[in-house]
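Taking it in order: structure first as C-alpha cells, then the write-up.
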Ligand SMILES: *[C@@H]1O[C@H](CO)[C@@H](O)[C@H](O)[C@H]1NC(C)=O
Ligand SMILES: *[C@@H]1O[C@H](CO)[C@@H](O)[C@H](O)[C@H]1NC(C)=O
Ligand SMILES: *[C@@H]1O[C@H](CO)[C@@H](O)[C@H](O)[C@H]1NC(C)=O
C-alpha cells in the first residue's frame, strides 16, 4: 500500500542497472504509515489512521521510528567509495501540551545502529546522553527541529532547525522559516503551531553539500534552502546506516507526529501526496487551532492543501484583552501566553479563584481551555518600562530552570503595568498553612524532614547546579508549596531579584521578609548565597518548631525564634524547642540535627555559615565530617 507498484518496478530496474546493493532499501514513500517497514521504540506508535506518533505529551519520554532495512553507504573506510547522495522529505506536526509551550522536538536521524537504549530524552532528543554527546565515534547525522532553548548546546532560540554531527551542538542552525518566492522574503514559522510542516534534506555527493529546507505543507519546496552547509559525510557515514526519527519530551512536552515520509538514494525524494496523508487528531477548541482544511485539485493535477483560518473578529473585546508585546520578545521563545487565554483560564481573575496573596501580588487558580491543564497565575504589578527587557530575559532564564523540587514556571504574559507569571498548579498549597494554622492537619515529622531535604536540594540546584548562580532571596515556609504527594517545591525563585529591576533605585528595598533577613543585608543590601542559607536556617527552625520566626505575642524570651532555640541549646535542652504539636513523636537525632543546622545557618558572620552543599549532605546523612561546634561568646552568637 505504501509504495505503488509502478514505483517498485522502476526502482528495481534502476537499482539493478546502477548499483549493486540491495534492491528495496534505496528508496521508499510513505503517505501515512499503515504497514510501514518501521522499527518503533520508546513511546512511538502508529495510530489507527496511519499517523506516526513519536511521543505524546507525557513528560521526559522518547520515541523512535527507524526504517528496518539499513542503507548501504560505502565509504573510504569500508574499502571503496560509493555515491553518498541522498534525498528525503517528510511532513511533521508538533502539538504542544500548553499553547506556545512544548518540547523538546524531533530529529531526522542517520545512525549506525537501531539501539538507542542508552540515550536520554529532553534536550538529548533520545539520540545521545551526557557522556557520548559529541563523540566522533557516534557516526550520527541528525537534523533537529528543536523547540526548547538549551544553553549548554549553544541554541540560539526555542524554534530552530539544526544540522548535528555526532552531538547536539549544531554545526549549522537557523530559526525556523522559509523563503517565499512570491513575497521575496523569509517568513517565520512556528514549529509548535500544531500545523503540519514539511522538511527536505538533500545531500549532494559532488558538491559535498547538505541542504535543509522547511516550508508549510501548502507550499512547494522553496527555491532557497534554510540551511546549506558544506560537509563531507564520508567521515560520518559507515557502511550500514539506519534512517528514521527520534523525538523527546522534557518538562515541556508536545505530541510529535510524522504524517508522511519519502527517502531516496538515487535521486530526488518523491513528493508526498498531501491528500493521502493521515489527518491529525482533532484538538480541543482554541482559536489558534480553529482552522478548516480544504483540499483543492488544480488543473495540472497537483494537489494543494489550503488552510483557511476561521477569520473571527475580536475588535469589540480588544480592549479587555489588550497586552504589551514588542518585537524583541519573540526571540525569548515559546513561553508567552496570551492575556485572553489567562483571562479565560481564571474566569476573568475572579475573586473566588484566588489561591493566595503574597508580597508580589495575588495568585489565581486557572484551567487552560486548550488542554485542561491546571495552572496558577501570579499577577505582579510592574510600572517601569525601562528594564522590561532584562525582566523578560530573567523570566526566560527562570523558565529554563528545571528541578523536581522547584515550582515550574511555564510562561508569562505582560500588560501595561502588569506582569502575569504562569506556574504549575500545586494542589496542596503552601507549607505555612500546614505548619501554623488549624485549617489543615499538621504534618508528621517524617513528612517535615522530607520537605526540608526537598527544599535543600532545590536551593543547592539554584546555587550550584545551573549555568549561573541563582539567588532565591525569599526562602520561607509560605514560599514552599506542596505537590499532590506532599513533597516540597520551592516557589517564587528569582522573583525578588526581578522586582528590583523594575523599581526606582531610590526606593529599592532589601528584598526578602523580616525575620529571615541575614544581618549583613541591612548593611550591604547585597544578597548572596550565604544570605539564602541564613533564610533557609530560619526556615528549618520554623518547620521543626512549628512557629513563625517572630511572635510578638509570645513571652519575651520566645519572641525571636532563633534566640529562643539558642536559649534552649544553652541550657542543654535543645529538643524543648521542637513543635509541641508533634507531641514528642520524632526521631531525636534528626530533630537535633535540624535545630543545630538552623542555628549554624543563622550565625552573623556569612563566612561561618555552612553552604547549601554541606547542608544537603548533613540532611541526607552523607556528610563526611561532624557537625561544627556551636560556640557562644559572651552570650552572643557570631
Ligand atoms: C551513554 O551511551 C553509551 C552508549 O552509546 C553508554 O556506553 C554510556 O554508558 C552512556 N552513558 C550514560 C551516562 O548513560
Ligand atoms: C550521485 O547520485 C545522485 C542521485 O542520488 C546523482 O544525481 C549524482 O549525479 C550522482 N553523482 C555521482 C558522482 O555519481
Ligand atoms: C528516486 O529517484 C529516482 C530518480 O530520480 C526516481 O525515478 C524515483 O521515483 C525516486 N524514488 C522515490 C521513492 O523517491
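Using a cut-off of under 18 Å, list every residue of region 449-476 whose amide N is near the label point 7 Å from the Cα of residue 587 along the Cα-to-beta-carbon line.
449-457
Which of 74, 45, 185 has the fewest other C-beta atoms within 10 Å, and how do the rest follow up to the most?
Details: 74 20, 45 15, 185 9.
Ranking 74, 45, 185 by Cβ neighbours within 10 Å, fewest first, gives 185, 45, 74.
Based on the mean of other Cβ atoms within 10 Å per residue, sort peptides 246-252, 63-69 so the most packed one is first.
Descending packing order for the listed peptides: 246-252, 63-69.
Label 7 Å along Cα→Cβ of residue 135; region 147-179 residues with amide nitrogen under 20 Å?
Residues 153, 164-171 qualify, since their backbone N sits under 20 Å from the label point.
For the pair residue 186 and residue 230, what calculated FRET efficiency results from E = 1/(1 + (r/R0)^6), where r is the Cβ-Cβ distance and R0 = 30 Å, to the nearest 0.05?
That gives a FRET efficiency of 0.90.
Please list, short to long, the whole-number percent of alpha-carbon pairs of region 128-199 in consecutive 10 angstrom bins beginning at zero.
19, 44, 28, 9, 1
So what are the radius of gyration and Dmax for the Cα set of region 22-272, in Å?
For region 22-272, the Cα radius of gyration and maximum Cα-Cα distance read 16.6, 51 Å.
Taking Rh as the Kirkwood radius computed over C-alpha pairs, what is the Stokes-Einstein D of region 547-638 at 10 °C in a medium of viscosity 1.306 mPa s, expressed in µm² per second?
Working: Rh = 14.3 Å.
It comes out at roughly 111 µm²/s.
Between residue 524 and residue 338, what is the FRET efficiency for a Förster distance of 35 Å, r being their Cβ-Cβ separation, to the nearest 0.05?
Working from the Cβ atoms, E equals 0.25.
Could you run the Debye sum over the Cα atoms of region 431-637, one equal point scatterer each and no solvent, and tell me log10 of I(q)/I(0) at q = 0.12, 0.19 Å⁻¹, two decimals?
-0.59, -1.55
Take the Cα of residue 369, step 7 Å along the line toward its Cβ, and report every residue of region 246-281 whose backbone nitrogen sits under 11 Å from that point.
Under 11 Å, as judged by backbone N against the label point of residue 369, lies no residue of region 246-281.
I'd like the distance separating the alpha-carbon centroids of region 530-555 and region 559-638, in whole Å.
When both Cα centres are located, 11 Å separates them.
Between residue 447 and residue 282, take the C-beta separation as r, use R0 = 41 Å, and let me know the FRET efficiency to the nearest 0.05.
Working from the Cβ atoms, E equals 0.45.
Any chance you could list P(r) for region 548-588, counting all Cα-Cα pairs in 5 angstrom bins from zero, rounded to whole %?
For region 548-588, the binned pair fractions read 6, 22, 27, 26, 16, 3 percent.
Note down the relative contact order for region 22-272 as a percent, whole number, built from C-alpha pairs under 8 angstrom at least six residues apart.
Result for region 22-272 is 35 percent.
Please work out how much length the chain gains when fully extended from residue 154 to residue 354, using 0.36 nm per residue of separation minus the C-alpha to C-alpha distance, in nm with one decimal.
In short, 68.0 nm is gained.
Mind ordering 207-214, 527-534, 271-278 by average Cβ neighbours within 10 Å, highest first? Please list the in-between numbers first.
Details: 207-214: 18.8, 527-534: 23.1, 271-278: 17.1.
Ranking the peptides 207-214, 527-534, 271-278 by packing returns 527-534, 207-214, 271-278.
Read the figures in this text as sums done on the coordinates, not as results from a lab. Worth saying up front: this structure is predicted, and the values here are computed from it rather than measured. We place every Cβ from the backbone using ideal geometry, glycine too, and count neighbours over all the protein chains shown.
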